[in-house]
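A.B. asks: Structure in C-alpha cells, see below.
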Amino acid sequence: MKKPDGLKISNSSYIDLSDYARETAVFIARLLAPTSIHAAQVTWFHFLLMLGAAICLHQGTMTTMALAALLIALKNLFDAVDGSLARLQNRPSRVGRFLDSNLDFIGNLALFLAIPGLSFETRVAGFLAFIFQGSIYNHYAVRYRSVHGGDNTSRVTESGDSPYHYDNPAALRVLFVLYQIFYSWQDKAVAVLDRFVAGKTAPPPDSKFMELSGVLGPGFQYLAIIFFLVLGIPRAIPDTFIFIFGIYTVTLLLTRG
C-alpha cells in the first residue's frame, strides 16, 4: 500500500494557484499525525479563526483589519491542514468533508456580512459571487482528481452515504442536509453551465484549465481579500468578486468550449 503523503493528488501535472499553502500544511499535519488531534478539531479551529477575522473586520480600524488579514491567512493554512491530516492518519471522513464545507459557508458569510460601510444587499451579492466561484473551482478539481487517482472524499454528485465505518450516521445526515441547503443549488448550476459551454460529452478538465481555474479557488480568493484589508479598503471586496472575478469566471468557462 502506498504511504499517504497528505496531498490531494500526488505528482500533480499542474500548479494549483489556490493551494499554495499545501506544503506548509502537510508539514504541520505531519507534526500532528502522531498526536490525538484529528482533522475535525482542526476544522473547528480554522472556523473560529474566520469568525475572529469577521469580528476584527467589523471594527473597521486599520489595526483590526490587519489582524483580520492575518487570521484569514491562518484560516487558509489550517483549512489545508485538516484534509492533509486526515490523509496522513488514514482516516478520510464524509462527516469531515461536509463539516468542512458547511463551516466554510457559514464563516465566509460571516466575513462578508461584517464588511463595514456597505448595504446588506451588496455584501450578500459579493458573498454569493465568492461562494459560487469557489464551487466552480471545486467542481473541476473534484473531476480532475477522480480521473487522476487523487483524493475521492468529495464527489461531483454528493450523497449522504459513507464507506467509512467510523463516520457517525446521525451527524452525517444532519451535515448532508445542511450541505444540500448551502451547496446543492451551486453544484447543479455548475454542472448545467459546464454542459452548456462544453457539451454533454465533454472530457474532464485538463491541467491547463485547472491552472486557470485556481484563481477561483478559496486560497486565491482569500489573497484578494487580504490585499484589500491590508490597504484598508474592505468596501472593494464585494465588487471585486462580483465584477472582476465575475468577468474572469465567464471567460474561463468559455474556454471549455
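The values are calculated or read from the model by the stated rules, or taken from the named source; none is laboratory data. This is a predicted model, so every value here is computed, not measured. Positions of Cβ are generated from backbone atoms using ideal geometry, with glycine treated the same way; all protein chains shown enter the neighbour counts.
A.B. asks: Can you tell me which residue is surrounded by the fewest Cβ atoms within 10 Å (Cβ to Cβ) among those in region 85-134 that are under 18 Å from residue 155 (Cα atoms) and among the β-branched types (Val, Ile, Thr)?
C.D. replies: This residue is 131.
A.B. asks: Here is a follow-up. Looking at region 243-257, can you tell me whether even one residue there is over 16 Å from residue 127 (Cα atoms), modelled with pLDDT under 95 and among the small types (Gly, Ala, Ser)?
C.D. replies: yes
A.B. asks: Also, quick follow-up: State which residue pairs qualify: first residue on the phi > 0 side of the Ramachandran plot and inside region 116-139, second residue surrounded by fewer than 22 Cβ atoms within 10 Å (Cβ to Cβ) and modelled with pLDDT of 95 or more in any location, beta carbons under 9 Å apart, and separation of 6 or more residues or different chains.
C.D. replies: Final answer for the pair search is 117/60; 117/235.
A.B. asks: Scan region 62-82 and give yes if some residue there is more than 19 Å from residue 223 (Cβ to Cβ), polar (S, T, N, Q), in contact (Cβ under 8 Å) with a residue 60 or more places away in the chain and surrounded by fewer than 17 Cβ atoms within 10 Å (Cβ to Cβ), otherwise no.
C.D. replies: No, region 62-82 contains no residue that is more than 19 Å from residue 223 (Cβ to Cβ), polar (S, T, N, Q), in contact (Cβ under 8 Å) with a residue 60 or more places away in the chain and surrounded by fewer than 17 Cβ atoms within 10 Å (Cβ to Cβ).
A.B. asks: Kindly provide the set of residues from region 20-77 that are over 18 Å from the mean Cα position of the chain (by Cα) and hydroxyl-bearing (Ser, Thr, Tyr), ordered by number.
C.D. replies: 35, 36, 61, 63, 64
A.B. asks: Write out, first by first residue and then by second, each pair whose Cβ atoms fall under 9 Å of each other, whose residues are 6+ apart or on separate chains, and whose first residue, in region 178-204, is within 15 Å of residue 249 (Cα to Cα) and touching a residue at least 12 places away in the same chain (Cβ under 8 Å) while the second is among the aromatic types (Phe, Trp, Tyr) and in a helix (DSSP H, G or I).
C.D. replies: 186/132; 189/132; 190/132; 190/140; 194/140
A.B. asks: Could you list, in sequence order, all residues of region 148-183 that are of a type in the set (S, T, N, Q) and either surrounded by fewer than 14 Cβ atoms within 10 Å (Cβ to Cβ) or touching a strand residue (DSSP E or B) at 6+ places or on another chain (Cβ under 6 Å) (or both)?
C.D. replies: 152, 157, 159, 168
One line per residue, one yes/no per condition, for (1) among the hydrophobic types (A, V, I, L, M, F, W, C); (2) farther than 21 Å from residue 106 by Cα; (3) in contact with a Leu (Cβ under 6 Å, 6 or more places away or on another chain); (4) assigned to a helix (DSSP H, G or I):
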residue: 136; (1), (2), (3), (4): yes, no, yes, yes
residue: 159; (1), (2), (3), (4): no, no, no, no
residue: 167; (1), (2), (3), (4): no, yes, no, no
residue: 173; (1), (2), (3), (4): no, no, no, yes
residue: 178; (1), (2), (3), (4): yes, no, no, yes
residue: 192; (1), (2), (3), (4): yes, yes, no, yes
residue: 210; (1), (2), (3), (4): yes, yes, no, yes
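A.B. asks: Take region 212-256 and flag every residue that is more than 20 Å from the chain's Cα centre (by Cα) and assigned to a loop (DSSP other than H, G, I, E, B).
C.D. replies: Once the filter is applied, which keeps residues that are more than 20 Å from the chain's Cα centre (by Cα) and assigned to a loop (DSSP other than H, G, I, E, B), region 212-256 yields 232, 233, 234, 235, 256.
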